[in-house]
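Quick note: the coordinates plus some simple rules give every number you see, no bench work behind them. Quick caveat, the model's predicted, so the values are computed rather than measured. Backbone-built Cβ (ideal geometry, glycine too); neighbour counts: all protein chains shown.
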Amino acid sequence: MLERNTGVILALDVDTREKAISVCEATRDYVDAIKVGYPLVLKTGLDIIKDLDFGKPIIADFKVADIPIVSRTICDAARAKGAQYVIIHGFVGEDVLQECSQGGPVFVVTEMSHPGATSFMAPAAEDIASMAAKHAFGIVAPATRPERIKKLRVIVGPDMVVISPGVATQGGEPGGAIGAGADFEIIGRGIYNAPEPGEAAKEYAEMIGLRK
Ligand code: BMP
């Protein structure tokens with residue numbers, strides 16, 4: 001179960017099992033969940049999810065975007081390995097969200113954090129958020145644009161969980177997304193590329209804590 005303690009979700013986009021385990025060991029006291037996606041799974045295999053047994057919820061970030069039955073199969077494969085949450089895309093439509101949510105809790109991507117997301121995703125993000133509010137456990141919203149988090153939070157209401165990537169390396173200020181209404185900030189390179197990932201995670205947790 002995802003519970004907010006530090007507000008930090010670790011994005012574990014490293015490329016070996018050893019590095020993945022060592023970063024998780026070093027940061028375990030400072031992160032509330034571990035997000036695993038294609039970079040790690042394609043290098044090490046889906047069983048890596050089982051190996052990340054640190055008592056933290058695992059969020060499988062597969063940004064699923066396929067027809068309902070195939071999307072559901074992907075989500076279920078991640079869940080079968082122990083992922084508690086799966087990230088899916090919202091632009092594929094309500095039938096996909098419904099199907100995937102029936103198997104377990106999902107986070108729906110609304111608007112992504114990179115500059116290119118303003119072209120096609122931003123104009124649809126508010127409609128995606130309204131749809132997500134009917135089916136999903138939470139949404140993904142950009143820490144690089146806190147004003148968008150504020151808007152998307154109003155749309156989804158107080159009960160949905162908002163997780164926000166783009167902190168540190170992509171330019172989002174630590175604490176800024178939570179200040180704008182997110183529940184958790186997702187941090188990858190700022191932690192796993194630091195000389196001491198444990199120290200870095202602790203510092204981000206403290207910075208976020210100051211802004212809570
Ligand atoms: P980093 O902190 O190294 O920039 O990593 C951000 C993480 O969040 C990556 O795993 C990326 O796939 C993910 N992410 C993102 O950066 N922006 C989004 O809009 C959605 C994401 O899932």
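The table that follows gives values for the structure above.
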read-out	value
Residue match in region 90-106 (condition: within 12 Å of the ligand (Cβ to nearest atom) and outside any loop (DSSP other than H, G, I, E, B))	no
Matching entry among 153, 145 (being of a type in the set (D, E, K, R) and touching a Ser or Thr at 6+ places or on another chain (Cβ under 8 Å))	145
Cβ pairs under 6 Å, 6+ apart, first in region 95-116 and farther than 12 Å from residue 64 by Cβ, second among the polar types (S, T, N, Q) and within 9 Å of the ligand (Cβ to nearest atom)	113/144; 113/170
Condition met for residue 61 (under 22 Å from residue 202 (Cβ atoms), crowded, with 17+ Cβ neighbours inside 10 Å, within 16 Å of the ligand (Cβ to nearest atom) and touching a residue at least 40 places away in the same chain (Cβ under 8 Å))	no
Residues satisfying the stated conditions in region 1-58, i.e. touching a Leu at 6+ places or on another chain (Cβ under 7 Å) and outside any loop (DSSP other than H, G, I, E, B)	20, 23, 24, 27, 33, 34, 35, 36, 40, 48, 58
Among the candidates 43, 56, 50, 35, residue that is within 21 Å of residue 136 (Cβ to Cβ) and either in contact with a helix residue (DSSP H, G or I) (Cβ under 6 Å, 6 or more places away or on another chain) or without any contact (Cβ under 8 Å) to a residue 60 or more places away in the chain (or both)	56
Residues satisfying the stated conditions in region 98-116, i.e. buried (at least 19 other Cβ atoms within 10 Å of the Cβ) and more than 22 Å from residue 33 (Cα to Cα)	99
Residue satisfying all of: in region 1-23; within 15 Å of the ligand (Cβ to nearest atom) and over 13 Å from the mean Cα position of the chain (by Cα); farthest from residue 208 (Cα to Cα) among these	15
Cβ pairs under 8 Å, 6+ apart, first in region 164-187 and in contact (Cβ under 8 Å) with a residue 60 or more places away in the chain and assigned to a loop (DSSP other than H, G, I, E, B), second of a type in the set (D, E, K, R) and surrounded by fewer than 21 Cβ atoms within 10 Å (Cβ to Cβ)	183/4
Which listed residue is hydrophobic (A, V, I, L, M, F, W, C), under 23 Å from residue 91 (Cβ atoms), within 11 Å of the ligand (Cβ to nearest atom) and touching a strand residue (DSSP E or B) at 6+ places or on another chain (Cβ under 6 Å), from 177, 141	141
Residue list for region 1-29, filter: surrounded by fewer than 22 Cβ atoms within 10 Å (Cβ to Cβ) and under 17 Å from residue 174 (Cα atoms)	4, 5, 6
